[in-house]
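Report on one structure; see the data block that follows.
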Amino acid sequence: MSHEIADEFLLDYASGAAPAPVGLLVASHLALNAEARRNYRRLEAVGGALLEAIEPVAPAPDSLARILARIDAGDGIETRTRPAVARRAGGLPAPIAALVPNGLDALAWRRLARGVEEAALDVEGDPQRKTKLLRIAAGRAIPKHTHRGLEMTLVLEGGFADEAGHYDRGDVCVTDESIEHQPTADRARDCLCLAVFDAPIRLTGPFLRLLNPFLPR
Ligand code: ZN
């Protein structure tokens, strides 16, 4: 089973209406996931005419504009013609690699739970959302939790499973207030994810340590 992002997010991204962190996640998803690229091209074909008929949207924040410019330059989603470009920097999709110029080890990693670390990414233009890289050691789990808003997770390396299914590299898991889950990394290898949070998650399991993406660094 594959996990592509819903059309509504692709449409927001195509029109420039997606918040910068969501745009980063969608651009990276498109770079890694062929099925998502097919969906995107289908929507572009259908939506091109529609977009011409509606009022223009507000300009995207600078950071998103830069990401889109990189994609236009062939760094991002057009991996059919330039796969080597999109896969450089240790396998990170180009939009994320651009935010990690000195490599993953240079980031300020913080331990959240046993075998689980996070590092904040500096995505401009959206003071509300939090954007993180999550590293889950092979076989380890993020403590069981639910959500106070949207949580969007893109698998960059490895894979994880939760109550809803299994997610491989390039898959997106979108959850909200109605979902309680415990994402667990595959046993074979460590899992690296990009995660965007609307609001703090809420732990529901027997864990004392607070896993809160909104705590001050
Ligand atoms: Zn979650």
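Every read-out reported here was derived from the displayed coordinates using simple, explicitly stated rules and does not represent laboratory data. Keep in mind that what you see is a predicted model, and the values were worked out from it rather than measured. Virtual Cβ from ideal backbone geometry, glycine too; neighbours counted across all protein chains shown.
Shape class for region 124-205, computed from the alpha carbon gyration tensor (a ≥ b ≥ c): oblate, with a/c not under 1.5 and a/b at or below b/c. For region 39-46, the Karplus equation 6.51 cos²θ - 1.76 cosθ + 1.60, evaluated at θ = phi - 60°, returns couplings of 4, 5, 5, 5, 5, 4, 5, 6 Hz by residue, with Gly and Pro reported as x. Between Gln128 and Gln182, the contour length at 0.36 nm per residue exceeds the alpha carbon distance by 17.0 nm. Database remark: amide H of Arg202 closer than 5 angstrom to the amide H of Thr146, His147, Arg148 (H placed geometrically; neighbours at sequence offset of 5 or more, or on other chains; Pro and chain starts carry no H).
Karplus-derived 3J(HN,Hα) values for region 199-204, using 6.51 cos²θ - 1.76 cosθ + 1.60 with θ = phi - 60°, are 7, x, 7, 10, 5, 10 Hz; glycine and proline are entered as x. Given their separation in residues at 0.36 nm each and the Cα-Cα distance between them, Thr204 and Ala53 gain 49.7 nm when the chain is fully extended.
Considering only the other residues whose Cβ falls under 12 Å of the Cβ of Leu154, what net charge follows from Lys and Arg at +1 and Asp and Glu at -1?
So the environment of Leu154 carries a net charge of -3.
Working from label points 7 Å from Cα in the Cα-to-Cβ sense, the Asn102 to Asp168 distance is 3.6 nm. For region 95-105, 3J(HN,Hα) computed residue by residue from phi via the Karplus equation (6.51, -1.76, 1.60; θ = phi - 60°) reads x, 7, 4, 5, 8, 10, x, 9, x, 5, 5 Hz, glycine and proline entered as x.
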